[in-house]
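> Let me begin by handing over the structure; questions about it come next.
The values are calculated or read from the model by the stated rules, or taken from the named source; none is laboratory data. Predicted model only: the values in this text are computed from it and were never measured. Using ideal geometry, Cβ is built from the backbone for each residue, glycine included, and neighbour counts are taken over all protein chains shown. These area figures cover heavy atoms from the full protein model, side chains too; ligands, DNA and RNA do not enter into them. Shrake-Rupley method; radii C 1.70, N 1.55, O 1.52, S 1.80 Å.
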Amino acid sequence: MGASVAYHLARRGVTDVVIVEREKLLGTGSTGRNAGGVRHQFSNEANIRLSIESIALLERFADEVGQSIDFHQHGYLFLLSSAKSVEVFRRNVALQRSLGIDVEWLDAAEAARHAPGLDATGVVGATFCARDGIADPNGVTMGFAKAAQAAGVEIARETEVTGISIDRGRVSAVLTDQGRIETNVVVNAAGPYARPVGRMAGVDVPVDPYRRHIFIAAREGQTGGVPDSRIMVIDFETTFYFHREGAGILFGMGDPAEPSTFDTTVRWDFLHEVIEVAVKRLPALADASISHAWAGLYEMSPDANPIIGPAPEPRGLFLINGFSGHGFQHSPAAGRILADLIAGRDPGMDLTPFSFERFGVRASGGEKYVV
């Protein structure tokens, strides 16, 4: 998010910008730990619009931004196993189609043909969008960052923010362990750390971290039983998902019982729960060995929609947080929108669903497709 905002600001002629990164390298936190999925299939119109704009840029990223991102548009396949889910997805497919998205409605047999090796037992419906896919999070982050740097943006690595100074109700500086940065505009793009960074300016950003695991299964010497493409398959009822990753299979699943945490160590006991579900949908995983595993953090907002825009106070503080597991894929559009707001331009989109103030009233219409 930070790299995208900086890139889009630079394109608008705003180059007196500093990206402050605590680590030695950009994208080593949640950005570098996600599965790289990119999709149009959301339940919320505002998120679908973010996807339309973001995927359009990802499709021309190498030409426009100057970085290869290994983008494979082999589709997202959602598997549905209950009449309730089918009802919800039928409404959402109608919404997606009304916005120009080509989404197919499939039965179990058709779903299995899209993903060889899939066991579609119990599947009562499925949806598929061929323009969804998988991209490289590091490539996207570095593409934005390098292009921003080339335009004059500074990146301060190994620099930790320790405070935000406020003067007469407006941001006046960012304090770091490397010194003070005078500024009247600050963007909180701290991902799962949005709340502690917000508190430095006296703002309680309603975003909490939740651990999510990714496992890589090696299949050395084995053939068949898995898709040839990088199609992303999601079992909606369980949140189990998988896609090809080189010669292996990348897979994961959410744990609704786990409380909020900043802990990113791998819970190996949770792997057994995942495998119980995984082998029912992709039997080939029963004979695979786990070659890699890691955990990252989702930055969850109360309604699973992001916060994009100014904080109510202090003046000059902008938020781009709470993307709830779909931040990487929406970074092109979200960064452009916030850059427009900072530069005083019309973002060309109703930002009410993303406003900070929505949490002070009874809100509805949050995102339901959290994977």
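> Under 8 Å for C-alpha pairs, at least 6 residues apart: give me the relative contact order for the range 181-324, rounded to a whole percent.
With pairs under 8 Å counted, the relative contact order is 34 percent.
> Can you pull the one-decimal nm distance between simple spin-label points at Glu110 and Arg267, each 7 Å off the Cα toward Cβ?
3.7
> Would you mind telling me the share, in percent, of accessible area of the range 1-51 contributed by carbon and sulfur at probe 1.4 angstrom?
Using a 1.4 Å probe with all protein chains present, the range 1-51 comes out at 41 percent carbon and sulfur.
> So how much accessible area does Asp70 have, in Å² to the nearest 10, using a 1.4 Å probe?
Surface accessible to solvent at Asp70 totals approximately 80 Å².
> Quick one: what do you get for the range 261-371 if you divide its Cα Rg by 2.2 N^0.38 Å?
That ratio works out to 1.43.
> Whole number please: convex hull volume per residue, Cα atoms of the range 252-299, in Å³.
It comes to 91 Å³ per residue, whole-number rounded.
> Rounded to the nearest 10 Å², what accessible area does Lys84 have for a 1.4 Å probe in the complete protein model?
Rounded to the nearest 10, that gives 150 Å².
> For the chain, find the longest principal axis of its Cα atoms and tell me its angle to the long axis of helix 327-342, 0 to 90°, nearest 10.
Once rounded, the angle reads 30 degrees.
> Could you sort Arg157, Arg49 by their accessible area in this structure, using a 1.4 Å probe and putting the largest first?
From most exposed to least exposed: Arg49, Arg157.
> Now a separate question. Once you keep just the Cα pairs under 8 angstrom separated by 6 or more residues, what percentage relative contact order results for the range 153-250? It would help to have the intermediate numbers written out before the result.
Working: 120 pairs, mean separation 15.6, N = 98.
Reported relative contact order: 16 percent.
> Using a 1.4 Å probe, how large is the accessible area of Thr159, given in Å² and rounded to the nearest 10?
10
> When Rg is the radius of gyration of the Cα atoms in the range 30-161 and Rh is its Kirkwood radius, what does Rg/Rh come to?
Here the Rg-to-Rh quotient is 1.07.
> Within 10 Å of each candidate Cβ there may be at most 15 other Cβ atoms; applying that plus a DSSP loop requirement, which GluC sites (Glu not before Pro) in the range 111-211 survive?
Glu158, Glu160
> Okay, next question. Explain nothing, just the number: relative contact order of the chain, from Cα pairs under 8 Å at least 6 residues apart, as a whole percent. Write out the running numbers ahead of the final one.
Details: 786 pairs, mean separation 88.2, N = 371.
Across the chain, relative contact order equals 24 percent.
> Let me ask something else. Which whole number of Å³ per residue matches the convex hull of the alpha-carbon atoms in the range 285-338?
127
> Using 0.36 nm per residue of separation minus the Cα-Cα distance, give me the extension gain between Gln178 and Asp119 in nm, one decimal. Don't skip to the answer; put the middle values down first.
Working: separation 59, 0.36 × 59 = 21.24 nm, distance 5.47 nm.
Once the chain is fully extended between Gln178 and Asp119, it gains 15.8 nm.
> Sticking with this one: So which GluC sites (Glu not before Pro) in the range 186-277 pass both tests, a DSSP loop state and at most 15 other Cβ atoms within 10 Å of the Cβ?
Here the sparse-neighbourhood loop sites are Glu220, Glu237.
> A follow-up question, please. Can you tell me the orientation of helix 268-281 relative to the chain, as the angle in degrees between its alpha-carbon axis and the longest Cα principal axis, to the nearest 10?
50
> Using a 1.4 angstrom probe with every protein chain in place, what is the largest-first accessible-area order of Asp350, Asp63, Asp119?
Reading off the accessible areas and sorting them downward yields Asp63, Asp350, Asp119.
> Moving to a separate point now. Does anyone have the angle between helix 2-11 and the longest principal axis of the chain? Alpha-carbon axes, 0 to 90°, nearest 10?
60
> Identify the trypsin sites (Lys or Arg not before Pro) of the range 1-36 meeting these criteria: DSSP loop state and at most 13 other C-beta atoms within 10 Å of the C-beta. Write down the numbers at each step before the final one.
Working: sites: Arg11, Arg12, Arg22, Lys24, Arg33; in loops: Arg12, Arg22, Lys24.
Of the trypsin sites (Lys or Arg not before Pro), the ones in loops of the range 1-36 whose Cβ has at most 13 other Cβ atoms within 10 Å are Lys24.
> Ok, one more. Within the range 61-96, find all residues whose amide N lies under 16 Å from a label point positioned 7 Å from the Cα of Ala151 along Cα-to-beta-carbon.
Inside the label zone: 61-67.
> Express the Stokes-Einstein translational diffusion coefficient of the range 208-333 in µm² s⁻¹, to the nearest whole number, given a Kirkwood radius over alpha-carbon pairs, 37 °C and a viscosity of 0.692 mPa s.
201
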